[in-house]
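Read the structure below first, then the notes.
What follows is calculated from the coordinates using simple rules that are stated; it is not laboratory data. This is a predicted model, so every value here is computed, not measured. When we count neighbours, we look across all protein chains shown, and the Cβ atoms used for this are built from the backbone with ideal geometry, even at glycine.
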Amino acid sequence: MARIFCVANQKGGVGKTTTSVNLAAALHQAGQRTLLVDLDPQGNATMGSGVDKRALEKSVYHLLVGLAGLAEARTASPTGGFDILPANRDLAGAEVELVDLERREGRLRDALREFDADYDFVLIDCPPSLSMLTLNALCAAHGVIIPMQCEYYALEGLSDLVNTIKKVHANLNRDLKIIGLLRVMFDPRMTLQQQVSAQLEGHFGDKVFRAIVPRNVRLAEAPSHGIPGVVYDKSAKGAQAYMAFAEEMIERVKTL
């Protein structure tokens, strides 16, 4: 049975796509059958996985509006080894089209259910907003991974996201829970980041992952080559942090 996790944060630029792509590649390297779903119309996870979003014949858009199944829309990442359900700008139109469709918030869940036995992990890279696309991700998922920077404004956005997850849990998906918070782009030299990190640990306890992803140039370079950071430079501190995070995820899933 596949465990489905969405990588979500309503704040932009907090490393959702970097986390999604690198976790997918790290899980694949750890022997886990992994599918990455790109639910952001920008298609950054698609490009970062080595798939050209401009050349797609079928994408997650076609799956959501009923024009294709998962078997037709998915493809293999040539650089990461995992499967990816890719996205491009067509997906922006799905927001409007989904409004008139039946079971609009459950379209992704229904499509993934058919291929439940094919994967150990399904990761969904969410757009930086609470949209119909994000709602589809939250309704399909067993849990939410929240990447966040240890900064003051990140704490403000976190409370909004937690409230959203509670509402979806109460009304649409009783399986949904917060799996954990991942500290990303971390700079231990900054006192404020250390303070916010300590606050997170104090408030959320074991919901905060032990793995901490540092600010890392090699991780930032990797997407321009269409290669996950954990493949681009395995020796980089950022890559090693994501490998440790993948191991932690595998362990955490056993206790769910």
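Pairwise Cα separations in the range 97-206 fall into 10 Å bins from 0 onward with the following percentages, short to long: 12, 40, 29, 15, 4, 0. Only DSSP H runs of four or more residues enter the estimate; each adds -39500 (n - 2.57), and after division by the residues of the chain the mean residue ellipticity at 222 nm equals -13000 deg cm²/dmol.
Each listed q (0.11, 0.13, 0.15 Å⁻¹) maps to a log10 I(q)/I(0) for the chain from the Debye sum over equal C-alpha point scatterers, namely -0.53, -0.76, -1.03. Averaged over residues, the count of other Cβ atoms within 10 Å places the peptides 4-16, 102-114, 155-167, 60-72 in the sequence 4-16, 60-72, 102-114, 155-167, highest first.
With contacts taken as Cα pairs under 8 Å and at least 6 residues apart, the range 151-256 reaches a relative contact order of 20 percent.
Give the relative contact order (percent, whole number) for the chain; include only Cα pairs under 8 Å separated by 6+ residues.
Details: 519 pairs, mean separation 66.4, N = 256.
The value is 26 percent.
Shown for the range 125-256: lysine pairs separated by 8 or more places, or found on different chains, whose C-alpha atoms are under 28 Å apart, numbering 13. Between Gln195 and Leu101, the contour length at 0.36 nm per residue exceeds the alpha carbon distance by 29.2 nm. Taking each residue as 0.36 nm, the span from Tyr153 to Glu114 lengthens on full extension beyond its C-alpha to C-alpha distance by 10.1 nm.
Here the chain carries DSSP beta bridges of which approximately 5% are antiparallel, counting only pairs with both residues inside.
For the range 47-169, the calculated P(r) over all alpha carbon pairs, in 5 Å bins from 0 to the bin holding the longest distance, is 2, 9, 19, 22, 20, 15, 9, 4, 0 percent. Among the DSSP helices (H) of the chain, those spanning at least 27 angstrom by Cα along their long axis with an average Kyte-Doolittle hydropathy of -1.0 or more are 152-171; this is a geometric and hydropathy rule only.
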